[in-house]
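S.K.: Sharing a structure with you now.
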Ligand code: MOS
C-alpha cells in the first residue's frame, strides 16, 4: 500500500498563486521575457504540398533595410540528427507538406521581417501529393504500436461469431474531423546562442523535454540547452513536444550569434506547424442479448499520419477496458499522407474514440429499449477486461447515478423527438468518460530551508494554465506539514530538477510524488526544526501498485440539447459532468480543468473542424473566422462535480489526473441528446445545423 498523506492544505479551494501576476500583466509569457536587443523572425512557408525547392531568390529580402539575415536550406547551420523529420528544418530542398518552413527572415522589427519574408521568391518542382483520408484507400497499414505504446490491435474471443448470433446488434461508422489546438498563447520562443549553448524562453508543457529533444538535433550535450518557461498560456498537447519552430528559432539564433531571436507563430501558421488531432473513421459493432448485456465489441479505426513521421493515435484503446464483453476486438489502420504530422490534442485517443463508442452504446440502448444509464451499469466490469487487474478506483456507476440524480434524469421521457419548447426540439443525453492514470518517469524535486524560514521547493514542472503553481504548493505544504505560506515553489525551467512533461494528465501525479518523496527525505534528514541551508533532493519513487491495479479515472457526462425544428440550429443550454478522479488537490482549479475540458468537448461537438483542401494540402479555415470555437454565448449552465474519493493505489496524494477527462465523452453526450431531441442520429462531427434538416 502507498503511504498516503493526511490532507490539510490539499482540498482547499485556494486562489491561484500566480493569479495576481497574470492579472497585472507581470507574469512573463515566452515572448515577453526581457532580453537585450532582440531580433524578430518571420518564416517563409512552402506553397506546395510535396516536391522540391529548386531556387530561392533572397536578394530583395536581404536588400530591405533592417534585415539582418535570411536563412534557407542553402545557408542554414547544419543539424546533427534527422531521426525526427519534423525537426529536420532547412536541411534539404525537400518539401513534405504545405506550410513547411523553407526559409526565414531575421530582422530588427517584426514588421520588417514580415515584409522581407514576403519578398523571398521560391521556385518549386512539385510532385504529385496525396492528402486525403478515406476509408477505402488501398494503402492503409497497421502501425507497430499506437500512442504512446499500446498494441495496435487486440482480439479476445470470437467477435464475428458473437455478432452473428447476437439478439441485438449495432453496426455503424462514425467520423470525427481533423481538429487543431488553439491555446490563447500561440507557440512562441526566444532563442539565444551564446557560449556554445542555447537559451530558449519557450511556451512549452515541458522544459526538460524540449531540452532533451533539441539536444541531439543540434548535437549538443543536454546541459548546453537552457529552457525557461514559468508561465504558459495553454497547450492542450500542442506544446507537449518541441516543434519545428523551436528548431528554426535556434537555427536563426546561431546565424546571428549573440543576439536573441524572437519567434511567435501566427494563428494561421499554427494550423500547419503545431500538430493536430487526426481525423478518424471508426466502425463500431456491438452485440448484446435482449437485456443489453454485451456479447461482443468491435472497434476498427482508420486515421492518418504524415508520410515523413508517424503519429498513430490510440483511438480504440479506451474500448478495450470500458465495458464487459466476452468477445472484444480493436484495430487501428493508418494512411500516411502528404500532410503535417498529427500530434497530441487533449485526451488523444479517448476523445474521438469515446465519441464513437459512447454514441454506439446509446444506439444499443435504443435498440434494446433500455435506459442508457442502466445499459452501462449492466455492462460494468468487475476488473479491467483487458489486463484482468482490479481497478484502483472505478466508480463509473457512482458518477452515472449521482449525475442522474442531479440532472433530473428520472423525469426523462425515453422516446425521441417528443419534447418541444417554442419551436425547439428538446432532448437529453448521457455518455461515459474515462482517462488512464499515466505515470511518466524521471521527475525529481529538491527542498531547501531558507533564511526566511520558508521551504524552497524546486522542480522543473510546467503550469500551462492548469493550476500547477498552486496545487504543487499545497502538496508540498502537506508533505512537509507546514502552512502553504511557508512554501516557496520554483517551477518552469531546466535550471530546476528534472520534471516529466505536462502530458497525459500525469503532471500532479509525477511531480507531486517527487515532492512528497523529497519532503519525507528532508524530514528524515533534518527533522521538524531544520537550519537555514538544509537541503535534500529525491527522485519520484516507483509505484509498485501501478503494476497490480488498473488505474483510470471515470466520469459521466450529461447534456441538454435544443435543436430548432425549422433551422436545425443546435444549442446546449445545460451540461453536467460527474467525475471519479481520486482526491482533488484544489477544488477551484480542478473545477476549472473539468469545465474547461467539457467546454472543449462542446466545441468538438458543435464547432471544430479543420477543412483540409486535398487539392493543395492545406487547412483552408486556418483562423478564428473559419475555425470555430465556442464563445461565452455558446456555453449555458455548465457544471462539474466529483465524487469524494481517495485513490490509495495511485500516489501519496490519493489523486489521479484531471486535465483531460473533462473532454472525454462530452461530444457523445451532446450527440446522444441531439438524437433524443430530434430522432436524427448524427454520427459525423461536428453537429452542424444541416445535419438535422430532413
Ligand atoms: Mo495532453 S494531449 O496529454 O498534453
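The values are calculated or read from the model by the stated rules, or taken from the named source; none is laboratory data. Keep in mind it's a predicted model, so treat the numbers as computed, not measured. We place every Cβ from the backbone using ideal geometry, glycine too, and count neighbours over all the protein chains shown.
Here's the yes/no breakdown for (1) surrounded by fewer than 24 Cβ atoms within 10 Å (Cβ to Cβ); (2) within 14 Å of the ligand (Cβ to nearest atom); (3) in the same structural domain as residue 283 (by TED's automatic domain parsing); (4) assigned to a helix (DSSP H, G or I):
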| position | (1), (2), (3), (4) |
| --- | --- |
| 346 | no, yes, yes, no |
| 351 | no, yes, yes, yes |
| 355 | no, no, yes, yes |
| 358 | no, no, yes, yes |
| 363 | yes, no, yes, yes |
| 367 | yes, no, yes, yes |
| 370 | yes, no, yes, no |
| 376 | no, no, yes, yes |
| 380 | yes, no, yes, no |
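S.K.: Additional query: Output the residues belonging to the range 650-664 that are away from the ligand (no atom under 16 Å from the Cβ) and buried (at least 24 other Cβ atoms within 10 Å of the Cβ).
M.R.: Residues satisfying the conditions are 650, 651, 653, 655.
S.K.: Going through the range 524-573 one residue at a time, which ones are closer than 21 Å to residue 659 by Cα and either in a strand (DSSP E or B) or over 34 Å from the mean Cα position of the chain (by Cα) (or both)?
M.R.: Residues satisfying the conditions are 550, 552, 553, 554, 555, 556, 557, 558, 559.
S.K.: Also, quick follow-up: Considering 577, 597, 555, which residue is within 16 Å of the ligand (Cβ to nearest atom), in the same structural domain as residue 667 (by TED's automatic domain parsing) and touching a residue at least 12 places away in the same chain (Cβ under 8 Å)?
M.R.: Just one listed residue meets the conditions, 597.
S.K.: Could I ask something else about it? Please go through the range 76-94 and give me each residue that is over 26 Å from residue 616 (Cα atoms) and either touching a residue at least 40 places away in the same chain (Cβ under 8 Å) or in a strand (DSSP E or B) (or both), ordered by number.
M.R.: Within the range 76-94, 76, 77, 79, 80, 81, 83 meet the criteria.
S.K.: Run down 584, 629 and say which single residue is within 17 Å of residue 234 (Cβ to Cβ) and touching a residue at least 40 places away in the same chain (Cβ under 8 Å).
M.R.: Matching residue, one of 584, 629: 629.
S.K.: List every residue pair whose Cβ atoms sit under 8 Å apart, with the two residues 6 or more apart in sequence or on different chains, where the first one lies in the range 224-247 and is within 13 Å of residue 460 (Cα to Cα) and the second, anywhere, is within 14 Å of the ligand (Cβ to nearest atom) and in a loop (DSSP other than H, G, I, E, B).
M.R.: Taking only residues 6 or more apart or on different chains, the pairs are 227/204; 229/203; 229/204; 229/462; 230/463; 231/463.
S.K.: With the requirement that a residue be over 18 Å from residue 511 (Cα atoms) and within 16 Å of the ligand (Cβ to nearest atom), what does the range 182-224 give you?
M.R.: 182, 183, 184, 185, 187, 202, 203, 213
S.K.: Hey, does the range 515-526 have a residue that's more than 16 Å from the ligand (Cβ to nearest atom), within 30 Å of residue 321 (Cα to Cα) and buried (at least 21 other Cβ atoms within 10 Å of the Cβ)?
M.R.: Checked the range 515-526: no residue is more than 16 Å from the ligand (Cβ to nearest atom), within 30 Å of residue 321 (Cα to Cα) and buried (at least 21 other Cβ atoms within 10 Å of the Cβ).
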